[in-house]
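What follows draws every value from the coordinates through simple rules; no lab data is involved. Because the structure is a prediction, the values reported are computed rather than measured. Here Cβ is always computed from backbone atoms with ideal geometry, including for glycine, and neighbour counts include all displayed protein chains.
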Amino acid sequence: SIIYVITPTYARLEQKAELTRFSHTLLHVPNIHWIVIEDSPEKTVLVQNFLNRTRIHSTHLYVATPSEYKMNLTDPYWLKPRGVLQRNAALDWLRNNTSPDDDGVVYFADDDNTYSLQIFEEMRNTTKVSIWPVGLVAGLRYERPKVTNGKVTGWYVLWKPDRPFATDMAGFAIHLNLIHQHPEAKFSNTFAVGQQESTFLTLFNLTLDDLEPKANMCTQILVWHTRTVRSNTPYEKAMVKLYGADAYPNIEI
Ligand code: UGA
Ligand code: MN
């Protein structure tokens with residue numbers, strides 16, 4: 001089957017570095033289609049050029065997060081959800097551009113996480129929803145589904161363990177057929193804080209029994225919720241003063 005990798009992305013100093021790093025992972029994965037959705041009112045030159053130069057089969061979309069849902073620099077990182085309308089744009093694209101009976105797997109892969117190559121092969125034979133642990137998340141070395149006799153029976157998590165599907169976005173993949181069978185299923189900025197994943201998955205009429213535990217019955221960490229330290233550039237004015245604007249032009253980074 002083909003894996004549709006859905007990646008929201010937004011402009012910041014680290015964006016091209018993140019996309020470069022992730023694209024180098026994806027270059028090693030056969031049979032993928034990368035859907036990159038910019039959080040922007042238009043396609044940016046940076047992402048457009050970037051995707052044109054990579055050899056990954058990709059689709060480039062954009063939708064801006066409305067300002068009331070956009071994070072302020074001073075907000076705690078968990079206050080507002082990120083990537084919501086962007087993932088929905090990709091779901092719309094899939095519903096309009098693939099067939100209901102196509103054999104495809106959908107994975108929501110943020111641009112800053114770290115992905116083993118193995119995780120893509122684990123998710124490739126998803127029937128309904130595959131699930132696996134995520135490393136470096138929620139103040140823990142990892143969170144993981146609880147597996148008993150080959151079946152998911154609950155969740156080893158601390159934060160809101162009563163969530164129906166207590167997984168991070170990086171911890172599951174869903175078959176394309178389900179996306180078509182449930183055309184109303186999407187993410188929403190009105191879902192409870194931190195519960196995009198769980199609330200989204202409840203929209204597919206699934207039971208825990210439907211979940212397919214991967215990564216050796218959820219005993220291996222094959223994806224990490226890494227977060228990149230923000231780079232500051234406080235010395236730009238001093239550079240221009242010392243060398244002149246011609247010596248320190250706006251080269252794309
Ligand atoms: C955690 C989860 O891992 C995310 O999948 C989830 O979207 C997020 O929480 C949430 O609660 O909404 P975290 O590392 O805190 O993720 O979030 P980011 O990595 O900052 O953002 C997730 C994705 O959305 C990234 O691909 C990022 O590029 C994108 N994003 C972020 C935007 O499109 N717009 C923004 O303003 C910020
Ligand atoms: Mn992240």
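Using 0.36 nm per residue of separation minus the Cα-Cα distance, give me the extension gain between Gln48 and Thr207 in nm, one decimal.
53.2 nm
Using 0.36 nm times the number of residues separating Thr148 and Asn72, minus their current alpha carbon distance, what extension gain do you get?
23.1 nm
To check you understand DSSP bridge types, tell me what percent of the beta bridges within the chain (both residues inside) are antiparallel, rounded to 5.
DSSP beta bridges in the chain are roughly 45 percent antiparallel.
Using the number of other C-beta atoms within 10 angstrom as an exposure proxy, rank Trp132, Trp34 with the fewest first.
Trp34, Trp132
With only alpha-carbon atoms in the gyration tensor, what are the semi-axes of the equivalent ellipsoid for the range 1-62, in Å, largest first?
Three semi-axes, in Å: 19, 13, 10.
Under the rule that an exposed site lies in a DSSP loop and has at most 14 other Cβ atoms within 10 Å, name the longest stretch of the chain with no GluC sites (Glu not before Pro) of that kind, not counting the sites themselves.
With a cap of 14 other Cβ atoms within 10 Å, the longest stretch comes to 43-183.
Mean 1/r over all different Cα pairs, inverted: what Kirkwood radius does the chain give, in Å?
Every distinct Cα pair counted, the radius reaches 19.3 Å.
Given the DSSP H assignment, sum -39500 (n - 2.57) over each helix run of at least 4 residues in the chain and divide by its residue total; what's the result at 222 nm in deg cm²/dmol, nearest 500?
Roughly -7500 deg cm²/dmol at 222 nm, from the helical runs in the chain.
In units of 2.2 N^0.38 Å, what is the alpha-carbon radius of gyration of the range 125-209?
1.07
What nm distance separates the two modelled labels at Lys80 and Lys160, each placed 7 Å from Cα along Cα→Cβ?
Placing both labels 7 Å along Cα→Cβ, they lie 1.8 nm apart.
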